[in-house]
Structures are given as structure tokens and as C-alpha cells.
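Following: one structure in C-alpha cells, then a few remarks.
The values are calculated or read from the model by the stated rules, or taken from the named source; none is laboratory data. Only a predicted model underlies this, so the values are computations on that prediction, with no experimental measurement involved. No Cβ is skipped: glycine too gets one built from the backbone with ideal geometry, and neighbour counts run over all protein chains shown.
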Amino acid sequence: MQALIHWARDWRGHLVFWLGAVMVGLLSVFFAVTASKAEHWHAHFLQEHGPLAMLITPLGLMLIAFLTRRFFPGAQGSGIPQTIAALNVQENRLRRGLLSFRIAFGKISLTLLGFLSGASIGREGPTVHVGASVLFAVGDRVRFPHHYLDHALILAGGAAGISAAFNTPIAGVLFAIEEMARSFNERTSGTILVAVILSGVVALSLLGNYTYFGQTSAHLPPGWGWLMIPMLGMVGGVAGGLFSRLLVGGSRWLAPYTRQHAVWVAGVCGLGVVLVAWVSDSFIFGAGYEQAKAIVQEGTNPGWTYPVAKWLATLFSYLSGIPGGIFAPSLSTGAGLGAAIAPWFPSVDASAIVVLAMTAYFTGVVKTPITAAVIVMEMVNDHAMLLPIMATAIIAFGFSSLVFHDAIYQVLAENFMPGEDPDTKDTA
């Protein structure tokens, strides 16, 4: 009889976990669809009402900063630092302040408001936070064993979020291991895989089997064409490392002002985004997905102003303290960087330069070379570029570390550990 009760309890736990993974997939699809609509609504409003519509950005960021601090503390930034912090604390009471259904709701709602306001943010990091929050909250409610709550459910939720957001299941698993856990744990690997598969199946069922940036047939010419790899790795790595350094340093410098005047700081940062858009005459609002896809698929070249403007707009957006990620804006910045460099080397396939520049810059920002290489490879579905992509990621990692030694998410996670003043937490 005891064995039957134990068996029933185990299956109840498995069923709840599976339903939680399905819920992560559904929320990821909802988030993706609504974020895209929010970006299109902002672009349409800007086109219809011109410069007057730019006031939406600072006013919107001020509203989001107020709502975040008043109703959803802990939902700011990308959410990956909170997820990492939750993995490192020992008490579930502390984890509940970082991962919960309330946080998940706030993360989605406020990030969508950010897109409506024109902030240069992405939804991928927030999707990681949402996935980890949902699976942790589910496990906490049904009283899963502590070894599940300690790491497995949080890692599984984060991996499922990446997988469903990008349609990159392998990258989801690797990101959980390389960035969030910083190690491989045999006990949690099965849980992560099941969550990724279930959430991925849901996303594929609703959105179809798509690749994030379509499909490329890029190639590097043999011989001297491969000399592009160290050059792009150096440029992208340095640019990404500088972004991380300024983001962390700027967040710390602004912390005293944010503590007293969070709403006004967000407004000033919003004005910074608008000023960058006006000076550069570039559309740098939103995630930058459409711009990056046009560069990758159609060979569009927006010129040097776009990657520089996107770099600055993304920096201002995160310093504002609103919820939002850096994955998609980083990929868009990297694509713009590659498009600007490509005309200098007319004998090299421009799409290959763009793909490698995306890899280099993204690696430089997040410092996860394996994940970055697999994400880009899965997003463009170009296996012929796998070795150049991996080599570029390793080189970019090295140059980025010369500019900013630490991994950005690991540094920012320290601000969500016990004992930190929540009002001084970094914003990314």
C-alpha cells in the first residue's frame, strides 16, 4: 500500500511538472506574438504622428519604472541575473522573492509596455525569468523534493524559456549549463531535457517549425577568407565587452540616484533613446529583430550609424531599470556591425561576415561562447558555418575578457543575493 501511495505521488509530481513545462511553452508563444504586435503598434504610431510620438518613450519608461518598483520589485532587467541568484541561495523563502507567478506576470506585462514605449529591449531574457518562475512556483506549490527545487526546476524553466523563445532547443540546454549552472549535473539533465522538449513542442505546434532569422547559405572562401575570423572576433568581442563594462559600471554609478528618483532616471534614459534615434536617423526602437532579419536575409546595409545607435539605445534602455532583455538587441547590433564591415571585403560573402559579427558581438556581451555559437547556428540553420562560428566565438570571448573580465549576468546576479538593498540593484 505504501509503495502504491509513493508511486501515485511520484506520478502526480511528474504530471504537474509536465503541465508546468507546457505552460512555459504557451507563455513563450504568447509573449513572442504580443511583443511583435507591440513593436508594430509603436512603429505605426511613430510613422503616423512623427516626432510628437517620440514623447512616448520617456513617458512610457517613467510609467514602467514606477509600476516595477511599486508592484513588481524584482522584475527589473533581463531576469537572468535573478534566475542565477535563485540558484545560489539556499532558502525557498528568498527564492520566492525572485521567482514567482507574480514576477512572471509583471515581467511579461511590463516588457510589453517597454516595447509599446519604444525601448531597445528583447524578450528572450525575460522569457528565461518567466520559465524559471513558473516551474519553480509550480514545484513550490506541490512541494516537490528539495533537490528539484534547488536547481532542476529553475534550470529547466530557464532552458525551456530560451528554447521556446528562439526555437533553439540545443542552445536552451547549453545556456542552462554554461551560463546559469556553470557546471553539468547528471541529476538535473533529464529534467532540463524534458522541459525543453515539452515547451518546444508547444511552441512548434503553435508557431510552426521556423528559424529565427530564416536560413542562410553563407560560406567563407578557403585560405585568406578565414582571416576574417580573428578580425571579426576582435572587433565584436571588444565592442561587446565595452557594452558590458559600461552597463555594469553605469548601473552602479546610477544606483544612488535610482534609489531616490527611479522614475526620473528612467525618463532621462528614455530621452537618451529618443536623442540617439533623432541624431542617427535610425529606427533603433524595439528588439531590432526586423532590422537584423533584413540584414541577414536580404543583405540590407543600414550603414555605421545603425550598430552604433543600437548599441547606445540598448545601453540607455537598461540603465533605465525597466524589465527587458539584451539578447535580440545584441544580435541586431552585431548584424549591423557585420553589414557595415562587409563592403570593405567585397570578395568575401557578406552574409558570412554578418553571421560571424553577430556571433562575435553576442559572445562579447554575454561571454558564453558555446551557447552563442549554437544559438546563431540554430537561428540561421547554416551548418556549413559551424566551425567559423565557433572559432569566432572563442576569439571574441578572449578579447571581450580583456575589456571586461567578468560575465555580465554573474556580476549582476550578486545584486540579488541576500543582504543587498533592493533599491540599489543593477538594472540588467
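Given the conditions (1) surrounded by fewer than 21 Cβ atoms within 10 Å (Cβ to Cβ); (2) modelled with pLDDT under 90; (3) among the aliphatic types (A, V, I, L, M), which single one is not true for VAL308?
Evaluating VAL308 over (1) surrounded by fewer than 21 Cβ atoms within 10 Å (Cβ to Cβ); (2) modelled with pLDDT under 90; (3) among the aliphatic types (A, V, I, L, M) leaves (2) as the failure.
Please work out which residue is modelled with the lowest pLDDT, limiting yourself to segment 144-167 and to residues that are in a loop (DSSP other than H, G, I, E, B) and in contact with a Leu (Cβ under 9 Å, 6 or more places away or on another chain).
Only one residue tops the list, namely PHE144.
Is it the case that ILE326 is within 30 Å of LEU67 (Cα to Cα), buried (at least 24 other Cβ atoms within 10 Å of the Cβ) and under 16 Å from the mean Cα position of the chain (by Cα)?
yes
Which residues, counting only those in segment 349-367, are surrounded by fewer than 24 Cβ atoms within 10 Å (Cβ to Cβ) and in contact with a Phe, Trp or Tyr (Cβ under 9 Å, 6 or more places away or on another chain)?
If the condition is that a residue be surrounded by fewer than 24 Cβ atoms within 10 Å (Cβ to Cβ) and in contact with a Phe, Trp or Tyr (Cβ under 9 Å, 6 or more places away or on another chain), then no residue fits.
Out of all the residues in segment 73-103, which are within 11 Å of PRO323 (Cβ to Cβ) and of a type in the set (Gly, Ala, Ser)?
Of everything in segment 73-103, those that are within 11 Å of PRO323 (Cβ to Cβ) and of a type in the set (Gly, Ala, Ser) turn out to be GLY74, ALA75, GLY77, SER78, GLY79.
For residues that are of a type in the set (A, V, I, L, M, F, W, C) and modelled with pLDDT of 90 or more, tally how many sit in segment 81-97.
Qualifying residue count, segment 81-97: 0.
Which residues, counting only those in segment 271-323, are among the β-branched types (Val, Ile, Thr) and farther than 29 Å from ARG69 by Cβ?
Those that are among the β-branched types (Val, Ile, Thr) and farther than 29 Å from ARG69 by Cβ: VAL279, ILE295, VAL296, THR300, THR305, VAL308.
Working only within segment 291-322, note down all residues that are of a type in the set (Ser, Thr, Tyr) and outside any helix (DSSP H, G or I).
Once the filter is applied, which keeps residues that are of a type in the set (Ser, Thr, Tyr) and outside any helix (DSSP H, G or I), segment 291-322 yields THR300, SER320.
Within segment 323-334, is there a residue that is touching a Leu at 6+ places or on another chain (Cβ under 7 Å) and outside any helix (DSSP H, G or I)?
Yes, some residue in segment 323-334 is touching a Leu at 6+ places or on another chain (Cβ under 7 Å) and outside any helix (DSSP H, G or I).
Give me a count of the residues in segment 35-58 that are surrounded by 15 or more Cβ atoms within 10 Å (Cβ to Cβ) and under 20 Å from TRP264 (Cα atoms).
Here the count works out to 5.
Could you please tell me which pairs satisfy a Cβ distance under 7 Å, a separation of 6+ or placement on different chains, a first residue in segment 57-77 that is in the same structural domain as THR111 (by TED's automatic domain parsing), and a second residue that is of a type in the set (Phe, Trp, Tyr)?
As it stands, the answer is GLY77/TYR318, since those pairs meet every condition given.
Is segment 176-197 home to any residue that is within 16 Å of SER78 (Cα to Cα), in the same structural domain as ILE80 (by TED's automatic domain parsing) and modelled with pLDDT under 70?
yes
Taking the conditions exactly as written (buried (at least 24 other Cβ atoms within 10 Å of the Cβ), at pLDDT below 90 and not hydrophobic (A, V, I, L, M, F, W, C)), does GLY125 satisfy them or not?
Judged against the criteria, GLY125 is a match.
Quick check on this structure: which one of GLY249, GLY236, GLY270, GLY240 is in a helix (DSSP H, G or I) and touching a Pro at 6+ places or on another chain (Cβ under 7 Å)?
Among GLY249, GLY236, GLY270, GLY240, only GLY270 is in a helix (DSSP H, G or I) and touching a Pro at 6+ places or on another chain (Cβ under 7 Å).
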